[in-house]
Amino acid sequence: MLLLLLACSSPAPKGPGPATPAPMKPATCTLLTVNDTYQIEGLPDQTGGIARLRTLRKQVEKEVGPVVVLHAGDMLAPSLPSRTFGGDQMIDSLNRLDGDAQAVDERLIVVFGNHEFDASKEADGPKLDTRIEASQFTWLDSSIVWGKTAEGQAIVAAPNLVGGRLVDCQGVKIGVFGLTINVKKPAYVADFLEPLSMARAQTEALRKAGAEVVIGLTHQTFGEDQALLKSLGDAGPDFIVGGHEHVHMTTDVGRHAVYKADADARSAWRITLTREATGFRRDAELIQLDQKIVPDPELQAAVNGWLEKDDAAVCGKVDKAPGCLAEAVGQTGVELVAEELQIRSYETNFGNWIADMARASCPKADVAFLNSGSLRLNRDIPPGPVLRKDIETLFAYPMGLRLVQMNGAVLQQVIDRAIQGWSGNGNWLQISGFAWWHDSKAATATRLTLLGSTPHKVGSDEKILAVVPDFLLDPSGGQDGYTMILPSMELKGADAKAACGQEFAPGDLKNLVYTSMAPSLSGAPMAPAVEGRICSAPVEDKFPCLALP
């Protein structure tokens, strides 16, 4: 997906650090780092989760003494419990990471990820502030300028919210600042600061305050992390602990480095800083939080309590008895790809199937497409049963379907919008009935092709009947940038019936998915495939490119 250097262990060169008098006293600081922990319970394959992270922390602290834990963002959302509790379940779980839910954890530091802003209305700002105040740990807002109330006070201003943090780590003074990617600007944020200048200023300030090692705790892309270190050199942080991508990775940038772990605490980096005569040695080991690590019983009990309450709440909303989330609603013979960065960057088999179900709601529809940010499962479903919890998690919001009549020029504008900000953004599309060629380096979408019995290149004046989510027709919601789709394009009532050849009343896409998936419980399992609807160079041999040259 990206040009990444993946590693399970990464001994790194000595970082620069500020000049200090020699000789330096020996000291060793140990860090544990995680990122993108959406699920407090971990994953169905019994990996990850906050209770396993608690066990790892206890094991390492028994070995070396107190450690510093860094979380590189995305924790309050998205997940099924976050819709019920707004992130309270994650705050409570992280508060227990030191073994005491009430005591302040001076050695847990987190940065905001873009999903911390999923609740983005102005009224959501005070709610976020309340959750930060309930956190028994430090939040970094170094790159965020908060909006203000009518009285001139910052909307988010909890006392444990700081721009940079100096912390003693087993005799080593480390400084930590934060960076948050600017892909989602909620109403209660005024601005995001320019990353390079902010990182330079924070690094300088922390070193002046006595930091021997400066760490950038970031939630931005791997490429942006590398570019920052390359641009700033010794004027920037000694290394970066990052989030946003969901697979572990690391790379050296001169004497500096970037470290990212697997999402949902499936892994954690253990980074050891050793003060030597001439500076600091940095060693890093990726630790898998798998079945070999037994979840901490006390924290797991708290996690289970949250999950039970969420199950009861969700099942009650759909008129089901508690425990309904564990029910099988379908059967798949192949892995259904729905991990966030995959479904927001590429054509996926599950995305194809969902878009096909949407298009089937109108037999004469030429195409269907949906913004991938509306598909929130954030993990793949292995071959076997598909659970109600999977589908309820997948659809975070109601998604009514609408029928629109557009021309080829508008559809070209649609795919131009789809590739903006590639990769990993929610405006990426999952599609049915058409294809295009995506040149990610040139940032172009070309060779727009209408599929069907006679595939052909789309003419700018050609009339195209499309099924889309209602969100993409609602200007009040921003339409994920698809403002070229006008409400006036919608076909309703008799016009929709005439266009489809039957009544067009598909209801909510989630319910349509349930209905379409049900036959696989007793019949042939689902087996959707990637077909080459969205192509990019180099095209893999396992499927052709459907976009005509």
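The values are calculated or read from the model by the stated rules, or taken from the named source; none is laboratory data. Since the model is a prediction, treat every value here as computed from it, not as a measurement. Ideal geometry is used to build each Cβ from the backbone, glycine not excepted, and the neighbour counts take in all protein chains shown.
Descriptive notes on the structure:
- Matching option when the condition is surrounded by fewer than 22 Cβ atoms within 10 Å (Cβ to Cβ) and either in the same structural domain as LEU512 (by TED's automatic domain parsing) or at pLDDT below 95 (or both), among ILE431, ILE391: ILE391
- Residue in segment 50-69 that is part of a loop (DSSP other than H, G, I, E, B), under 21 Å from the mean Cα position of the chain (by Cα), buried (at least 24 other Cβ atoms within 10 Å of the Cβ) and at pLDDT 95 or above present: no
- Scanning segment 142-159 for residues that are of a type in the set (Val, Ile, Thr) and either free of Cβ contacts under 8 Å to residues at least 12 places away in the same chain or touching a Pro at 6+ places or on another chain (Cβ under 9 Å) (or both) turns up THR149, ILE155, VAL156.
- Looking across GLY242, GLY233, one residue alone is surrounded by fewer than 16 Cβ atoms within 10 Å (Cβ to Cβ) and either part of a strand (DSSP E or B) or in the same structural domain as CYS169 (by TED's automatic domain parsing) (or both). It is GLY233.
- Considering residues of segment 499-515 that are part of a helix (DSSP H, G or I) and more than 26 Å from the chain's Cα centre (by Cα) only, the residue surrounded by the fewest Cβ atoms within 10 Å (Cβ to Cβ): THR515
- LYS389 meets all of the listed conditions (1) under 30 Å from ALA265 (Cβ atoms); (2) part of a loop (DSSP other than H, G, I, E, B) but one, namely (2).
- Failed item, numbered, when LEU370 is tested on (1) in contact (Cβ under 8 Å) with a residue 40 or more places away in the chain; (2) not assigned by TED's automatic domain parsing to the domain that holds TRP436; (3) not aromatic (Phe, Trp, Tyr): (2)
- Qualifying residues in segment 347-384 (those that are in a loop (DSSP other than H, G, I, E, B) and among the acidic types (Asp, Glu)) - the one surrounded by the fewest Cβ atoms within 10 Å (Cβ to Cβ): ASP380
- Candidates in segment 82-119 are the residues that are acidic (Asp, Glu) and surrounded by fewer than 23 Cβ atoms within 10 Å (Cβ to Cβ); of these, the one that is modelled with the lowest pLDDT is ASP118.
- THR138 being in contact (Cβ under 8 Å) with a residue 24 or more places away in the chain, in the same structural domain as HIS246 (by TED's automatic domain parsing) and touching a Lys or Arg at 6+ places or on another chain (Cβ under 6 Å): yes
- Complete set of residues in segment 190-222 that are part of a helix (DSSP H, G or I) and either among the small types (Gly, Ala, Ser) or over 16 Å from PHE239 (Cα atoms) (or both): SER197, ALA199, ALA201, ALA205, LYS208
- Residue that is nearest to ALA365 (Cα to Cα) [pool: residues in segment 419-475 that are among the polar types (S, T, N, Q) and not in a strand (DSSP E or B)]: SER453
- Pairs, first assigned by TED's automatic domain parsing to the domain that holds VAL386 in segment 498-517, second assigned to a helix (DSSP H, G or I) and surrounded by fewer than 18 Cβ atoms within 10 Å (Cβ to Cβ), C-beta under 6 Å, six or more apart: GLU503/LYS497
- Here segment 60-92 is the region considered, the condition is being polar (S, T, N, Q) and either in contact with a Gly (Cβ under 9 Å, 6 or more places away or on another chain) or touching a residue at least 60 places away in the same chain (Cβ under 8 Å) (or both), and the residue that is farthest from GLY178 (Cα to Cα) is THR84.
- ALA209 being without any contact (Cβ under 8 Å) to a residue 24 or more places away in the chain and either crowded, with 19+ Cβ neighbours inside 10 Å or of a type outside the set (D, E, K, R) (or both): no
- Candidate set from segment 328-340 (those that are hydrophobic (A, V, I, L, M, F, W, C) and buried (at least 21 other Cβ atoms within 10 Å of the Cβ)); member that is farthest from ALA418 (Cα to Cα): LEU336
- Residue ID - nearest to the chain's Cα centre (by Cα), chosen from residues in segment 271-327 that are of a type in the set (Lys, Arg) and in the same structural domain as PHE239 (by TED's automatic domain parsing): LYS292
- Among residues of segment 289-314 that are over 19 Å from SER79 (Cα atoms), none has a Cβ under 7 angstrom from a residue that is among the hydrophobic types (A, V, I, L, M, F, W, C) and exposed (fewer than 13 other Cβ atoms within 10 Å of the Cβ) at a sequence gap of 6+ or on a separate chain.
- Enumeration of residues in segment 121-176 that are of a type in the set (A, V, I, L, M), surrounded by fewer than 17 Cβ atoms within 10 Å (Cβ to Cβ) and in a helix (DSSP H, G or I): ALA134
- Number of residues in segment 476-490 that are free of Cβ contacts under 8 Å to residues at least 40 places away in the same chain and either assigned to a loop (DSSP other than H, G, I, E, B) or outside the structural domain of GLY426 (by TED's automatic domain parsing) (or both): the value is 3.
- Considering only residues in segment 177-189 that are part of a strand (DSSP E or B) and either outside the structural domain of VAL241 (by TED's automatic domain parsing) or not small (Gly, Ala, Ser) (or both), the one that is surrounded by the fewest Cβ atoms within 10 Å (Cβ to Cβ) turns out to be VAL189.
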